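The values are calculated or read from the model by the stated rules, or taken from the named source; none is laboratory data. Computed from a predicted structure; not experimentally measured. Using ideal geometry, Cβ is built from the backbone for each residue, glycine included, and neighbour counts are taken over all protein chains shown. In case anyone asks, the SASA skips ligands and DNA or RNA and just uses the protein heavy atoms, side chains included. Shrake-Rupley method; radii C 1.70, N 1.55, O 1.52, S 1.80 Å.
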Amino acid sequence: MDQPLSIITFVLEKRKILISLFLIIGMFSATIFTVIIAQRPQDIRSKASESVDLPKLTTEFISPLRYYKLSYDQGRWTPVVKTDEAFGPRVVFNLNEEYGNARLDIIEGKSQKDLEALKNEIIEKSPTPSVKIEAVEFNGKPSYLISYKEEIIGQDVYYYQQIVKDGDNFFIFEKRAPQLGYDNALLDNLLQNISFTNSETEKVKGASDSPVDLSTVELVDLVRPSITNIIYVYCLKISNLQPASSYLSQPQYNFCGSQKGSGFIINEEGVVATNGHVAKVYPEEGLITNLLYMNNKAFSADLIKGVYLSKGQNPTESRIEAFYQQLNLNPQYLDRFLTEIFRMIKDKVINVEVVDEKYYVNVGNEPVKVDYRTNAIIPSSTTYTAKFIDSNYPNKYSYDAIVNKNYQRGHDVAILKIENSSNLFPTLKLGDVKNLREGSHIIIAGYPTLVEGNIDPRSAISYKTSTKPTITQGIVSSVKEDLTGSTILQTDASIDHGNSGGPAFNLGGEVIGIATFVAESKSGNFNFLREVNELKTLMSKNKIDNSLGKLSRLWRDGLESFRNKRYGKALKYFKQAQGLSPSHPTVGEFISLSQEAIAKGESMEGFNGFVKSEESSNVLLIVFGGISLSSFMSAGFLAILPLFAKRQPDLSKG
């Protein structure tokens, strides 16, 4: 009994000292506990996961009388409000030149007449005789489709009016598109986007907000340095081979054009993949594209005069000017004009060839520089000259294709190679579409011209940021086939003019498709990708390898270390990558981020990493939390111990 009594006596005598000791231990442990909580791992790039509102290209047009609404792509269509003397407000939607030549007129009004009587009134007031009348439905409503015929340079051309009633409101849709090309489909797609405000049930456009999560940010970090901006510059030479038949006044005409698109690195030596239509212009296509530009008006006017003279007519200057203006307003005039040009090319009256082709590829943080005195691209430390390697891109503008409708089939892919650079470029891995299904998530990167900015100080977007690709995301809406049986991917991820040739990725960061074309709709989300296996076939033909080289491995290893917060290791990889690729657009940013994290003591390496790792911090929290709790409980017990001691009997007696 002596030993327990001696312990109790010691505790009672030293109670105050022991209380102080336990309080000190408890407070010290609690302080360490708090520090560990405060130092638990934080992501220094959390701000990167905040969502960014991307510009929306689809806008809603409300008619002058507010009888209808029409959603349209403002980068593709331009509306102009006019007045129709016979019926009321007329809105003209003109297809922008880079997409083709088509026009949709919409007339709205109010009438108590039934559809049959209204149809008769419209036909009676039309300056052109109708040749066909059909009763058809439009969006579930009865309507009449009326075909009209007019003569242009001795050739019959057609346009169409569709009459629809919605209650007392009536609508006349007048459609004009050339027979050459594929513009009728664009008109039909545009017209599908209309909704009548008088209808009992009005379609409401849905909206969704998909926040960008960290995995998407990591994917963009990986692929961004491999996305390229491509500029293709070319000139056309038109030779007058038979002046007696062409009636052209000059022996030769020359004019130049350019086009922009996106691409991506598929080999560290600077091999770039893109669309065929970004990297190649056929002579006939170049002629059609540039024919209506004001700088080329002299040639167009001369050609108009030659067409008239070949038909035995001697036009006045005013008639030539009027015809030229109609080329911009009436697709049938353009259709007839182009038919004559293609006939002259086929009969070797004139010859058109592409000359002086130049390619420029921008990969870096320095915007493309243009000499506006000569309209030439200036190579720089990040804008490289390139050469054309190969393409699989059929000529859809040949005489056989346009006039005889004998369309060539093929893909839309091309390969370029950067010239005169000792710089290496990080490669993207090519994936496969065999595991893709409807609903699979995809990311698209590219350079849509609508948001590239401008050097004009009044511009809302600075041209300095034109080097940053636009990232959009969505799903595979449908896996389809083209007329050759090749796979094409439909997606709701946004793409636009300038995106062509840009890559689409699965969530593993592998390229599975190439952004190629858009079918406009009310939602603006029917976009299409060529599948990556078409590119693989072209690469195999040209013996181009897609394996990851030293630079690509360093870049990927650096990003993996960075994501795991091993900033010292990441810094080592990034500096080695910078040595191989001085113009790398983002490695400098990651070097700075890594150095900043190390300076703040946020690296998860060595003892510091052990302390800050989630598993280790959990163990330390349990240990020091337990010590702190035990110490405070012991101090509390000692504080009330005298109360218990007074109640105990004196065991030393009897």
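Against the test of being modelled with pLDDT under 85, more than 29 Å from the chain's Cα centre (by Cα), among the charged types (D, E, K, R) and open to solvent by 80 Å² or more (accessible area, probe 1.4 Å), the options K82, K47, K110, K56 yield a single qualifying residue, K82.
Within the range 410-426, the residues that satisfy the criterion of being part of a strand (DSSP E or B) and over 30 Å from I350 (Cβ atoms) are V413, I415, L416, K417, I418. Apart from one condition, S111 fits all of (1) closer than 30 Å to N314 by Cβ; (2) in contact with a helix residue (DSSP H, G or I) (Cβ under 7 Å, 6 or more places away or on another chain); the exception is (1).
Which members of the range 492-505 meet the condition of being in contact with a Ser or Thr (Cβ under 9 Å, 6 or more places away or on another chain) and modelled with pLDDT of 90 or more? Can you show your working first?
Narrowing the range 492-505 to residues in contact with a Ser or Thr (Cβ under 9 Å, 6 or more places away or on another chain): 492-504.
Hits for the range 492-505 are N499, S500, G501, G502, P503, A504.
Somewhere in the range 308-316, is a residue of a type in the set (K, R), within 27 Å of N404 (Cα to Cα) and surrounded by 15 or more Cβ atoms within 10 Å (Cβ to Cβ)? Taking every residue of the range 308-316 in turn, none turns out to be of a type in the set (K, R), within 27 Å of N404 (Cα to Cα) and surrounded by 15 or more Cβ atoms within 10 Å (Cβ to Cβ).
Restricting attention to the range 334-347, the residues that are open to solvent by 30 Å² or more (accessible area, probe 1.4 Å) and under 35 Å from the mean Cα position of the chain (by Cα) total 1. A count restricted to the range 348-384 and to residues that are touching an Asp or Glu at 6+ places or on another chain (Cβ under 7 Å) and loosely packed, with under 15 Cβ neighbours inside 10 Å stands at 2. Scanning the range 59-92 for residues that are in a loop (DSSP other than H, G, I, E, B) and among the charged types (D, E, K, R) gives R66, R76, E85.
Summed over the range 348-365, the residues that are of a type in the set (D, E, K, R) and either farther than 21 Å from K280 by Cα or over 37 Å from the mean Cα position of the chain (by Cα) (or both) give a count of 1. Scanning the range 93-128 for residues that are hydroxyl-bearing (S, T, Y) and assigned to a loop (DSSP other than H, G, I, E, B) yields S111, S126, T128. Taken over the range 385-398, the residue count meeting the criterion of being surrounded by fewer than 18 Cβ atoms within 10 Å (Cβ to Cβ) and of a type in the set (F, W, Y) is 1.
Here L65 does not fit the description of being surrounded by 13 or more Cβ atoms within 10 Å (Cβ to Cβ), under 26 Å from S258 (Cα atoms) and in contact with a strand residue (DSSP E or B) (Cβ under 8 Å, 6 or more places away or on another chain).
From the set of residues in the range 225-249 that are more than 23 Å from Y282 (Cα to Cα) and not β-branched (V, I, T), which is surrounded by the fewest Cβ atoms within 10 Å (Cβ to Cβ)? The extreme case among them is A244. Among the residues of the range 255-278, is there at least one that is basic (K, R), in a strand (DSSP E or B) and within 18 Å of the chain's Cα centre (by Cα)? The answer is yes; a qualifying residue exists. The number of residues in the range 129-147 being surrounded by fewer than 13 Cβ atoms within 10 Å (Cβ to Cβ) and not in a strand (DSSP E or B) comes to 2. The residues of the range 370-409 that are in a strand (DSSP E or B), over 18 Å from S486 (Cβ atoms) and not basic (K, R), listed by number, are V370, D371, A376, I377, I378, T383, Y384, T385, A386, F388, I389. Do the conditions hold for G410, that is, is it surrounded by fewer than 15 Cβ atoms within 10 Å (Cβ to Cβ) and over 28 Å from T586 (Cβ atoms)? Answer is no for this residue. Checking each residue in the range 352-400 for being modelled with pLDDT of 85 or more and basic (K, R) picks out K358, K387.
Take the conditions small (G, A, S) and either crowded, with 19+ Cβ neighbours inside 10 Å or touching a residue at least 60 places away in the same chain (Cβ under 8 Å) (or both) and apply them to G100. Does it pass? Before you say what the answer is, go through the steps one by one.
Working: small (G, A, S): yes; either crowded, with 19+ Cβ neighbours inside 10 Å or touching a residue at least 60 places away in the same chain (Cβ under 8 Å) (or both): yes.
Spelling it out, G100 is indeed small (G, A, S) and either crowded, with 19+ Cβ neighbours inside 10 Å or touching a residue at least 60 places away in the same chain (Cβ under 8 Å) (or both).
Checking each residue in the range 254-301 for being farther than 19 Å from P448 by Cα, crowded, with 24+ Cβ neighbours inside 10 Å and of a type in the set (S, T, N, Q) picks out no residue at all. Where helices (runs of 4 or more DSSP H) sit wholly within the range 528-609, those with at least 1 residues that are modelled with pLDDT under 95 and over 30 Å from the mean Cα position of the chain (by Cα) occupy 567-580, 587-599.
Residues in the range 293-325 that are among the β-branched types (V, I, T), over 22 Å from K237 (Cα atoms) and within 45 Å of the chain's Cα centre (by Cα): I320 alone.
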